[in-house]
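Since the structure comes first, as structure tokens, the remarks are kept for the end.
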Amino acid sequence: MAKLTSIQLEKLMGPRPESFIKVPFRLGEEEVILKVKSYLTIQEISDIVDGTVEGCFSEQGYAPEYRNLVFAWKVIDVMTDLPLPVTKDKQIDFLILYEWSVRMDLISGIMGADETLYSTIKNLQSYIDEKLEYRKQLSLRSSKSEELSERIFLLFGKAAETIDQITAKIRELDPQELEALIRQAAISMK
């Protein structure tokens, strides 16, 4: 049996259609229909995962309270036709985004609409968990490395101080006493 060539496989597969699933949401009395992508490219997956993980870190370190908000932002941005709320100066309005996310129960609503969307969101959350754990481990290693470096520098400092003290004591000795100490040390090494 002959193997398929890549050209034959491409013909069989054909281009992957960009398909959307319509997901209804209720906002008060109104129903809103979101179109949600049912297939993500590897670049889109990376955008959601990396964006969510990066959004959980600030100068102070890991901020888990931002995870769900940033995840909702990246899902809306990459997977839906819902425009992101922006402020007057064209920045994302995270207060409104948070309200949408909570009031619409956005992520749960998308997950509950279709099995494909459910598994896509679960996979994204799993990738985010893995990447966050990886980042935490790197951070832990880095802090242990810094701690070890600090200890080594402290020991070097103490060693240099001790050498300076010994050198000062040697300079205080009379040359005959120094020669006697050197002979005594040489005898005890034999």
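The values are calculated or read from the model by the stated rules, or taken from the named source; none is laboratory data. What you see is a predicted model; the values in this text were computed from it and never measured. Cβ coordinates were reconstructed from backbone atoms using ideal geometry, including for glycine residues, and neighbour counts include every protein chain displayed.
In the range 66-120, what count of residues is obtained for those that are in a helix (DSSP H, G or I) and in contact (Cβ under 8 Å) with a residue 60 or more places away in the chain?
Narrowing the range 66-120 to residues in a helix (DSSP H, G or I): 66-79, 94-104, 106-113, 115-120.
Filter again for in contact (Cβ under 8 Å) with a residue 60 or more places away in the chain, leaving 67, 103-104, 106, 109-110, 113, 116-117, 120.
The number of residues fulfilling the criteria is 10.
State which residue is farthest from Leu97 (Cα to Cα) when the search covers only the range 26-75 and only residues that are within 12 Å of the chain's Cα centre (by Cα) and of a type in the set (Gly, Ala, Ser).
Gly61
Exactly one condition in (1) in contact (Cβ under 8 Å) with a residue 60 or more places away in the chain; (2) touching a Lys or Arg at 6+ places or on another chain (Cβ under 7 Å); (3) more than 30 Å from Lys136 (Cα to Cα) is false for Cys56; which is it?
Of (1) in contact (Cβ under 8 Å) with a residue 60 or more places away in the chain; (2) touching a Lys or Arg at 6+ places or on another chain (Cβ under 7 Å); (3) more than 30 Å from Lys136 (Cα to Cα), only one is false for Cys56: (3).
If I go through the range 18-31 residue by residue, how many of them are among the aliphatic types (A, V, I, L, M) and at pLDDT below 85? Step through it out loud before you land on a result.
Restricting attention to the range 18-31, the residues satisfying the condition of being among the aliphatic types (A, V, I, L, M) are 21, 23, 27.
Filter once more, so that each one left must be at pLDDT below 85: 27.
Residues flagged as among the aliphatic types (A, V, I, L, M) and at pLDDT below 85 within the range 18-31 amount to 1.
Of the residues Ser126, Ser139, Ser108, which is farther than 19 Å from Pro24 by Cβ, exposed (fewer than 13 other Cβ atoms within 10 Å of the Cβ) and of a type in the set (Ser, Thr, Tyr)?
Details: Ser139 fails: exposed (fewer than 13 other Cβ atoms within 10 Å of the Cβ); Ser108 fails: farther than 19 Å from Pro24 by Cβ.
Step by step, each of Ser126, Ser139, Ser108 is checked, and only Ser126 is farther than 19 Å from Pro24 by Cβ, exposed (fewer than 13 other Cβ atoms within 10 Å of the Cβ) and of a type in the set (Ser, Thr, Tyr).
Within the range 35-61, track down each residue that is surrounded by 15 or more Cβ atoms within 10 Å (Cβ to Cβ) and either in a loop (DSSP other than H, G, I, E, B) or aromatic (Phe, Trp, Tyr) (or both).
Here is the first cut: in the range 35-61, the ones surrounded by 15 or more Cβ atoms within 10 Å (Cβ to Cβ) are 36-38, 40, 44-45, 47-49, 51-53, 55-56.
If the condition is that a residue be surrounded by 15 or more Cβ atoms within 10 Å (Cβ to Cβ) and either in a loop (DSSP other than H, G, I, E, B) or aromatic (Phe, Trp, Tyr) (or both), then Ser38, Leu40, Cys56 are the ones that fit.
Report yes if Val36 is more than 15 Å from Leu124 (Cα to Cα), at pLDDT 85 or above and among the aliphatic types (A, V, I, L, M), otherwise no. Write out each step before concluding.
Numbers: more than 15 Å from Leu124 (Cα to Cα): no; at pLDDT 85 or above: yes; among the aliphatic types (A, V, I, L, M): yes.
Against the criterion (more than 15 Å from Leu124 (Cα to Cα), at pLDDT 85 or above and among the aliphatic types (A, V, I, L, M)), Val36 does not qualify.
Specify which of the listed residues (Leu40, Leu34) is touching an Asp or Glu at 6+ places or on another chain (Cβ under 8 Å), of a type in the set (A, V, I, L, M, F, W, C) and closer than 21 Å to Ile92 by Cβ. Don't jump to the end; show me each part of the working.
Working: Leu40 fails: touching an Asp or Glu at 6+ places or on another chain (Cβ under 8 Å).
Answer to the check: Leu34.
Among the residues of the range 71-89, is there at least one that is among the polar types (S, T, N, Q), exposed (fewer than 14 other Cβ atoms within 10 Å of the Cβ) and more than 25 Å from Lys122 (Cβ to Cβ)?
Of the range 71-89, the ones among the polar types (S, T, N, Q) are 80, 87.
Now drop any that are not exposed (fewer than 14 other Cβ atoms within 10 Å of the Cβ), which leaves 87.
Of the ones still in play, those that are also more than 25 Å from Lys122 (Cβ to Cβ) are 87.
Scanning the range 71-89, I find at least one residue that is among the polar types (S, T, N, Q), exposed (fewer than 14 other Cβ atoms within 10 Å of the Cβ) and more than 25 Å from Lys122 (Cβ to Cβ), so the answer is yes.
Test of understanding: among Val36, Val49, Val23, Val78, which residue is in contact with a helix residue (DSSP H, G or I) (Cβ under 8 Å, 6 or more places away or on another chain) and under 29 Å from Leu140 (Cα atoms)?
Values: Val36 fails: under 29 Å from Leu140 (Cα atoms); Val23 fails: under 29 Å from Leu140 (Cα atoms); Val78 fails: under 29 Å from Leu140 (Cα atoms).
Residue meeting the stated conditions: Val49.
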